[in-house]
Amino acid sequence: MHNLFIGELAERLKNRQISSVELTRHFLSRIERFSPALNAFITLTAEQALIDAAAADARLGKGERGPLLGIPLIHKDIFCTDGVKTSCGSRMLDNFVAPYDATVVARLKAAGTVMLGKSNMDEFAMGSSNETSYYGPVKNPWDISKVPGGSSGGSAAATAARLAPLATGTDTGGSIRQPAALTGVTGLKPTYGRVSRYGMIAFASSLDQAGVFARSAADAAAALQVIAGFDPRDSTSVDVPVPDYSAPLSRPLKGLKIGLLREFFDGLEPRNAALIEDALNIFTGLGAETREVSLPHLPLSVPTYYVVAPAECSSNLSRFDGVRFGYRCENPKDLLDLYKRSRGEGFGAEVKRRIMTGTYVLSAGYFDAYYLKAQKARRLITDDFRSAFETVDLLIGPTTPTPAFDIGAKMNDPVLMYLNDIYTIGANLAGLPGVSVPCGFVDSLPMGLQLIGPHFAEAKLLNAAHQYQQATDWHRHAPRGYE
Amino acid sequence: MSLTRQDVEKIAHLARLSITDQEMPVYVSSLSSIVDFVDELSRTDTAGVVPMAHPLDGQHQRLREDAVSESDHHEKYQRNAPAVTAGLYVVPRVIE
Amino acid sequence: MRDWEVVIGLEIHAQLATQSKIFSGSATAYGAPPNTQADLVDLAYPGVLPVLNARAVQMAVKFGLAVDATIARRSVFARKNYFYPDLPKGYQISQYELPVVARGSLQVMLDDGAVKTVGITRAHLEEDAGKSLHEGLANASGIDLNRAGTPLLEIVSEPDMRSAKEAVAYMKKIHTLVRYLEICDGNMQEGSFRCDANVSVRPKGEEKLGTRAEIKNLNSFRFVEKAIQYEVARQVELIESGGKVVQETRLYDSDKDETRSMRSKEEANDYRYFPDPDLLPVEIDAKFIEAVHKTLPELPDQKAARFAKDFGLSAYDAGVLSASRELGAYFEAVVAGLSAGHAKLAANWVMGELSSALNRENVDIEHSRVNPPQLTGLLNRIVDETISGKIAKEVFEAMWSEGKPADTIIEAKGLRQITDAGAIEGVIDAVIAANPKQLADYRSGKDKLFGFFVGQVMKATAGKANPAQLNDLLKKKLGGGGHA
């Protein structure tokens, strides 16, 4: 049952071959069995899940139909869930119960999904390995000595381990696509503004975007259909119509122009490069045209990101001050002490490092050299993408430079860790949609193929990913022991 | 560019973060390497480039109608608060 | 001792009279129980986002148009980062590099009647902070965030004022203007209208500005005047005794009537402004401006000019009567009920008896116990000589306390003026007969005694004799005497 795709599960629910309660119990039992070793969850909501599943069954019983009605899912613990602990992977919010639902959560709830729990993540989504979580690292189901990637590592690992057919995530610099690649699942980061950020705890407001993990592009399309759309509570939510994402999946790719990102291939490890070459051949076989394109400023992505994201996070995280919610230090001797110790003790090392980096690049005397300079570089990178999309429909390349690495391997070298995001950050800086799909294995670990499209080209992106998945079976591979 | 301990102390104070003596050298070195890394930007020619603050560049702010849509839920909201009295959030004395 | 020139610029904070907050749907009403008007956005809960209130933008544009300012077609909200318990997000959303209102100016009438132009550097939108309360809490403060997120228009002047009095005249003019525009209730006790004053001194003739001190949070015209006076004296004394003014933030203590340094707030200020990534640039097109333009009322200066021209009032009277929309409307309603040529009479009464009654009872003109038709009724009795101006004051007091129309009171109290010449003559004759000595003195040249006779006749008629008639008749009867 857990190997079925969402479309297949929905079909069985519709035909009353299974009930949502049965489905929910099945996944809850898998979670009980596998999660302790994976550490994929921060909170389990089993009791509520069964209530919600029963409610979904009642809706189904009345003849109501919906592609996600009765489907269990996991929310990344960055999304506020009314009445449920929302920790953002931080000690700061270990005691925090959100009093409201994020728009993403509310939409999925209304669509009849059943929340099984909240997934583990890098603290405040700051990390590429899930090792910065206050709740400990998440393990990669393909090899528990490896990281699952981050920051949405819990959602990725749980999806890969078949603990749920669907999980939400957020992607600020690759936090959906990179863990999707490292755990062998499909991860979709929509266009900035396509999905509401309301209720998603902010890391870097101009880069954060909600998305999903699923085991196929078709499943991701069904989920995007529900979460996409204008939200008056988010000023950066874009009011453009939401197209049908499912129908165009089956379109043939004949004539699709795919650009191979030259910058992503320079110095790419040969086995990884070979997988991308294979994928290109598949696309050519499907009728697409491929050509090489160059985005000369793309190598500036990582330094640009590591100015912009920390700058915004340093300000976004100022609200965690021990006054209205969250962690407060013991016996503060005065106001300054309350602030410094609540924040010093409530935040972990990487979060503090990024807050300080951001504070530094915005401070008097450094603003122009760093923040403003990075904003200019951001335009150069964005303009590169724009010109590329004048000649091609989609861009293609690897999602990550390497497969999953050992837990602990990069924790002492932040810059080395940051370079993990080298292929994913560009899309965030330019606000573009991207998807990572499994494309093979290196050292028995899954690798991801990344597709990037122009703004609001999710349908085209998912179409290409789906057609690729029709021609390959990489996305059907399950980690050993989780089949 | 390398940051000194004094630089990091100043930043930590601005950001209201307590940093222990043991942690301090780690931050001095890691922040220095990050700043070194992002310094790569300084080698890029950005003359005449207009800064881009947001991916929705060129779009503008939507305006909301002036209407009261929220009601009082302070008891619910204050359940998360570490210290409350008579509806007020309590902090150590604010000295003006 | 050198001659010093005082240089003052004001930053006025006007709370905009919107129903809801600038970035949230919470109410802005004053005086609610603590934190009952603070929603998730005002409390800076994790995950929430700001959405801009259209009315706040319209109000800012309205102000800009009223001071002939340039309206920015594109303005940007920025974050001003600092930690303070009344600032829940740890940053204030404000405007920094690109404010909604750019350069404008305002004409201010000074006490001596001279008109001064004060430059307005900019006006920008921002959110107000909450409040820290200390009463009844041992070594702690309580935070009320009801005020957090209330829209503010910060109006920044050029350093054009040269005395505390000029600064107050400018501030009063802005106060008048924002109430005219109905963008701020102007309530200074409730903090709806307050200012920071930048004060410096320099030797007369010197071009270069002296180092300034910023006096924060002045919430009355009197405090503005006193704080600036104190600060000027402090700076002059400091410089003359060989010291140097340091650039700093100071607080005015009204109890001690002095300003003192707020070093705590000053320490390491580095606000790290940057564009708020949760908000996009605000675009204001010609259509938007035109729509706001249509809502502009007659402005105080326009009204004053019209009063002076149409009603023949002095510039001073016209200025006073146009100081608020309500006062101007009251005055115009009174004038409308009078026959032509009596606007000055109406002006005198509105600025005189009516204003003192309002002040005495501390009521707004909208709640005056004598309304415009009632006052017109009274003034018409002066115009048609039913009563004298003096009696009219008595009638006015009775109207105010009893709430009855003038005619009712005049009739009930028998205050109708005596205009029958025969009746007045009879009283004059009796008075003359009773005062032979004074008559003789008067006729021998003691002109001043004319007043004595007037007084005696008025006393005998309980003040009801028509003064002009009495004057003429008395002159005739007394004969001799050379008074005018």
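Remarks
- Among residues of region A:383-427, those that are among the β-branched types (V, I, T), buried (at least 19 other Cβ atoms within 10 Å of the Cβ) and within 14 Å of chain B (Cβ to nearest Cβ), counted: 2
Let's see how each residue does on (1) surrounded by fewer than 18 Cβ atoms within 10 Å (Cβ to Cβ); (2) touching a strand residue (DSSP E or B) at 6+ places or on another chain (Cβ under 7 Å):
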residue	(1), (2)
C:K165	yes, no
C:M171	no, yes
C:G186	no, yes
C:R194	no, yes
C:A197	no, yes
C:N217	yes, yes
C:Y230	no, yes
C:G243	yes, no
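- Scanning region A:118-136 for residues that are crowded, with 24+ Cβ neighbours inside 10 Å and out of contact with any Phe, Trp or Tyr (no Cβ under 8 Å at 6 or more places or on another chain) gives A:M121, A:D122, A:G127, A:N130, A:T132, A:S133.
- All positions within region A:342-390 that are in a loop (DSSP other than H, G, I, E, B), closer than 29 Å to A:Y134 by Cβ and without any contact (Cβ under 8 Å) to a residue 12 or more places away in the chain: A:S363
Conditions tested, residue by residue: (1) in contact with a Leu (Cβ under 9 Å, 6 or more places away or on another chain); (2) assigned to a loop (DSSP other than H, G, I, E, B).
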site: B:M52; (1), (2): yes, yes
site: B:L56; (1), (2): yes, yes
site: B:Q59; (1), (2): yes, yes
site: B:A67; (1), (2): no, yes
site: B:S71; (1), (2): no, yes
site: B:P82; (1), (2): no, yes
site: B:V91; (1), (2): yes, no
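- Among the conditions (1) in contact with a Phe, Trp or Tyr (Cβ under 7 Å, 6 or more places away or on another chain); (2) of a type outside the set (K, R); (3) assigned to a helix (DSSP H, G or I), the only one that C:L279 does not satisfy is (3).
- Residue satisfying condition, being outside any helix (DSSP H, G or I) and within 25 Å of C:D384 (Cβ to Cβ), within set C:A468, C:A462, C:A423: C:A462
- When we screen A:L23, A:L4 for residues that are more than 18 Å from A:G481 (Cβ to Cβ), in contact with a Pro (Cβ under 8 Å, 6 or more places away or on another chain) and surrounded by fewer than 18 Cβ atoms within 10 Å (Cβ to Cβ), the only hit is A:L4.
- Scanning region A:202-240 for residues that are part of a strand (DSSP E or B) and farther than 21 Å from A:D122 by Cα yields one hit, A:A228.
- Residues in region B:9-34 that are of a type in the set (A, V, I, L, M) and within 7 Å of chain A (Cβ to nearest Cβ): B:I11, B:A12, B:L14, B:A15, B:L17, B:I19, B:L31, B:I34.
- Residue that is surrounded by the most Cβ atoms within 10 Å (Cβ to Cβ) [pool: residues in region A:173-201 that are charged (D, E, K, R) and outside any helix (DSSP H, G or I)]: A:K189
- Test: residue in region A:328-341 that is touching a residue at least 40 places away in the same chain (Cβ under 8 Å), surrounded by 20 or more Cβ atoms within 10 Å (Cβ to Cβ), assigned to a helix (DSSP H, G or I) and among the hydroxyl-bearing types (S, T, Y): no
- Residue check for C:E385: acidic (D, E), in a helix (DSSP H, G or I) and in contact (Cβ under 8 Å) with a residue 24 or more places away in the chain: no
- First in region B:70-96 and within 8 Å of chain C (Cβ to nearest Cβ) and buried (at least 19 other Cβ atoms within 10 Å of the Cβ), second anywhere and part of a loop (DSSP other than H, G, I, E, B) and among the basic types (K, R), Cβ under 6 Å, 6 or more apart: B:Y89/A:R324
- When region A:342-364 is limited to residues that are buried (at least 19 other Cβ atoms within 10 Å of the Cβ) and of a type in the set (D, E, K, R), the one that is farthest from B:T20 (Cα to Cα) turns out to be A:R354.
- Residue in region A:40-57 that is part of a loop (DSSP other than H, G, I, E, B), surrounded by fewer than 19 Cβ atoms within 10 Å (Cβ to Cβ) and of a type in the set (G, A, S) present: no
- Restricting A:A459, A:A409, A:A404, A:A427 to residues that are closer than 21 Å to A:G285 by Cα and among the hydrophobic types (A, V, I, L, M, F, W, C) narrows the list to A:A459.
- Flag for B:V38 being part of a loop (DSSP other than H, G, I, E, B), modelled with pLDDT of 95 or more and either at the interface with another protein chain (Cβ under 7 Å from one of its Cβ atoms) or in contact with a Cys (Cβ under 9 Å, 6 or more places away or on another chain) (or both): no
- Set side by side, the residues C:K204, C:K208 differ, and just one is surrounded by fewer than 19 Cβ atoms within 10 Å (Cβ to Cβ), of a type in the set (K, R) and in contact (Cβ under 8 Å) with a residue 60 or more places away in the chain, which is C:K204.
- Filtered residue count, region B:37-61, keeping only those that are under 23 Å from the mean Cα position of the chain (by Cα) and either surrounded by fewer than 14 Cβ atoms within 10 Å (Cβ to Cβ) or within 23 Å of C:S75 (Cα to Cα) (or both): 8
- The strands (runs of 3 or more DSSP E) located wholly in region C:23-142 that include 1 or more residues which are over 27 Å from A:P332 (Cβ atoms) and within 14 Å of chain A (Cβ to nearest Cβ) occupy C:77-81, C:91-95.
- Single unsatisfied condition, C:I428 versus (1) without any contact (Cβ under 8 Å) to a residue 24 or more places away in the chain; (2) more than 29 Å from C:A318 (Cα to Cα): (1)
- If the condition is being in contact with a Ser or Thr (Cβ under 8 Å, 6 or more places away or on another chain) and either among the hydroxyl-bearing types (S, T, Y) or under 18 Å from C:P159 (Cα atoms) (or both), then region C:229-249 contributes C:Y230, C:E231, C:Q235, C:V245, C:V246, C:Q247, C:E248, C:T249.
The values are calculated or read from the model by the stated rules, or taken from the named source; none is laboratory data. Bear in mind that the values here come from a model prediction, so they are computed numbers and not experimental data. Neighbour counts run over all protein chains shown; Cβ positions are idealised from the backbone, glycine included.
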